[in-house]
Amino acid sequence: MNVPDYDAIVIGSGAGGAAAAYRLVLAGMRVLLLEKGAHLPDDGSTLDIQRVVHAGEFLSHECWTDGRGGRLRPEEHFNVGGKTKWYGAALLRFSADEFLPDPSHDCRGWPIAASDLAPYYDEAERLLGVRTFDCEPALAHIVGRLGSKGRWRSSAMPLGLAADIRAQPHEASHFDGFASAQRLKSEAETSLLAPLRGNDRFELLTNAEVVSLIGDPAFPVAVRGVRLRDGRVFRGRSILLAAGALHSPRLLSRYLSETGLDALLPAAGFVGRYLKLHLLTAMVAISAGIKTDLLRKTLVLLNDRFPHSSVQPLGFDGELISTLMPQLLPPALRRALGRRAYGFFLQTEDGSHSSNRVCDGTPPVMDYREERLPNAEREHREFTRAFQAALLGAGLVSFTKRVGLNGTAHACGSLVCGSAPDDSVVDPSGQVHGMKGLYVVDGSVLPRSSRVNPSLTIYAWGLRVAALLARNLQSEPMARQDVERVPAHVS
């Protein structure tokens with residue numbers, strides 16, 4: 001029995017994959033979206049601290065090794081909507097300067113300008129319902145005392161949250177790092193995939209893990225299909241990698257090795273390289289007064305002394321903050337301190353180093369070392385100390401906890417885009433250099449990660465690549481209905 005072909009097969013349903021699928025379907029393309037995981041439950045379990053934080057019930061259990069041979073379990077999520085279901089809803093644009101190279105910080109530049117992405121930023125913000133919220137009293141008091149100390153300045157945080165989320169206190173105090181049970185957070189499934197339900201040009205398959213790409217046997221630079229772990233094969237006119245910065249390079253590397261293209265294509269030497277994670281620190285600040293703010297993540301703090309760094313309040317309430325307290329403290333004391341604490345998330349853009357990389361294998365390898373990027377390491381250390389000192393001056397005592405290599409929420413850069421195949425993998429249109437029909441729409445293309453969360457930029461990139469691809473597909477002389485059908489299962 002025959003099955004229809006697809007104009008595009010998208011591997012992964014996170015920010016980039018969902019954005020690309022949405023844009024392609026609206027352009028009249030027939031799209032198959034393949035997701036390794038399943039739909040998340042809506043029974044409230046994704047808001048349960050014990051199940052989400054302590055048991056790690058919704059995290060991937062895939063084991064990796066680091067560059068020194070140590071065991072590692074990246075905090076990845078395999079579910080419809082990917083990491084966007086769990087992210088903190090912070091949807092900030094990169095500044096125009098953050099598209100430019102910065103050799104002093106070991107940062108590569110983009111092959112496009114901020115203005116090229118601007119209309120897709122606009123579209124992403126509209127689709128995701130990005131808005132700002134008023135700052136609540138406890139945070140306003142802290143920021144007010146910081147304002148005159150050390151050139152700290154704040155601006156409203158663009159958030160993908162329902163305007164009335166404060167009417168649901170449990171959701172409002174658990175949106176950061178938890179998946180909304182009532183769909184009050186703008187994420188890939190709710191904002192982009194749900195509107196496609198019932199559209200006969202769109203198909204979503206869950207529990208559909210892609211293990212290999214399939215090329216034209218006579219022309220292997222043309223990728224025309226995918227094979228799932230269960231043996232099923234699907235073919236399409238274009239294939240879009242959106243499995244994330246740790247997984248998309250492994251699929252591409254595997255294909256290049258199997259076909260011998262790894263020895264022929266200049267871009268092959270950069271597959272998996274220039275992995276970026278951000279340097280991340282969680283900080284808990286404690287003072288005498290009980291903190292009653294409900295929606296805490298409403299501002300972003302910057303300091304001109306540290307141009308690659310930012311501070312965001314954690315959206316955690318006292319109960320969750322207490323779990324960050326040193327475990328040597330009695331539980332009752334941790335809870336008491338948690339009620340008097342505010343959490344902050346400090347992040348510094350890391351530079352790009354070719355030895356920071358993802359390698360396919362059994363187990364796969366994530367070889368990333370901060371010491372390869374001494375400028376970023378130095379700024380993050382000094383930035384953390386400066387913010388601690390500013391908080392102390394404002395009457396808060398703080399302690400910090402570094403986010404380790406398993407914290408891959410902001411992973412990007414392992415299939416970097418660039419103008420030429422001799423120093424990048426993906427071209428400015430999203431197509432892999434030297435290949436036909438293979439595109440990348442996830443965060444792995446980002447040559448820079450900025451000092452803020454990269455989610456909105458990944459959405460915008462996915463929309464842009466899909467818009468360009470749709471025009472190409474529409475201009476091809478062969479009508480879609482005349483494309484040769486292929487069997488449902490091909491060995």
> How high is the relative contact order of the chain, given as a whole-number percent (alpha carbon pairs under 8 Å, six or more residues apart)?
Replying inline: 26
> Among the listed pairs Lys276/Lys401; Lys83/Lys297; Lys36/Lys185, which are separated by more than 25 Å between their Cα atoms?
Replying inline: none
>> What does the extension gain come out to for Val211 and His39, with contour length at 0.36 nm per residue minus their alpha carbon separation?
In response: 59.9 nm
> Using 1/(1 + (r/R0)^6) with R0 = 35 angstrom and r between the beta carbons of Arg378 and Ala332, what's the FRET efficiency to the nearest 0.05?
Replying inline: 0.35
>> Rounded to two decimals, what is the ratio between the C-alpha radius of gyration of segment 291-400 and 2.2 N^0.38 Å?
In response: 1.32
>> Let me check I've understood the local charge: for Asp216, count other residues with C-beta under 11 angstrom from its C-beta, Lys and Arg +1, Asp and Glu -1. What total comes out?
In response: +3
>> For the chain, take the longest principal axis of its alpha carbons; what is the angle in degrees between that and the long axis of helix 248-259, to the nearest 10 within 0 to 90?
In response: 30
> Which residues does a label at Arg232 reach in segment 17-32, if reach means a backbone N under 15 Å from a point 7 Å past the Cα toward the Cβ?
Replying inline: 31-32
> How much length is gained if the chain between Glu258 and Leu468 is pulled fully straight, taking 0.36 nm per residue apart and subtracting their Cα-Cα distance, in nm to one decimal?
Replying inline: 72.7 nm
>> In Å and on Cα atoms, what radius of gyration and Dmax does the chain show?
In response: 22.4, 72
> To the nearest 10 degrees, how steeply does helix 455-475 sit against the main Cα axis of the chain, on a 0 to 90 scale?
Replying inline: 20
>> Using the basic label-point model (7 angstrom from Cα toward the beta carbon), what is the Gln50 to Ser419 distance in nanometres?
In response: 5.8
> Quick one: helix 374-393 against the long Cα principal axis of the chain, what's the angle to the nearest 10°, folded into 0 to 90?
Replying inline: 30
>> Could you sort the peptides 297-310, 11-24 by per-residue average Cβ neighbour count (10 Å cutoff), highest mean leading?
In response: 11-24, 297-310
>> Testing the spin-label approximation: label points 7 Å from Cα along Cα→Cβ at Arg305 and Ser354. State their distance in nm.
In response: 3.6
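Computed from the coordinates by the stated procedures, all read-outs in this text should not be read as laboratory data. Owing to the predicted nature of the structure, the values given are computational and were not obtained by experimental measurement. Note that each Cβ is placed from the backbone with ideal geometry, even for glycine, and that neighbours are counted across all protein chains shown.
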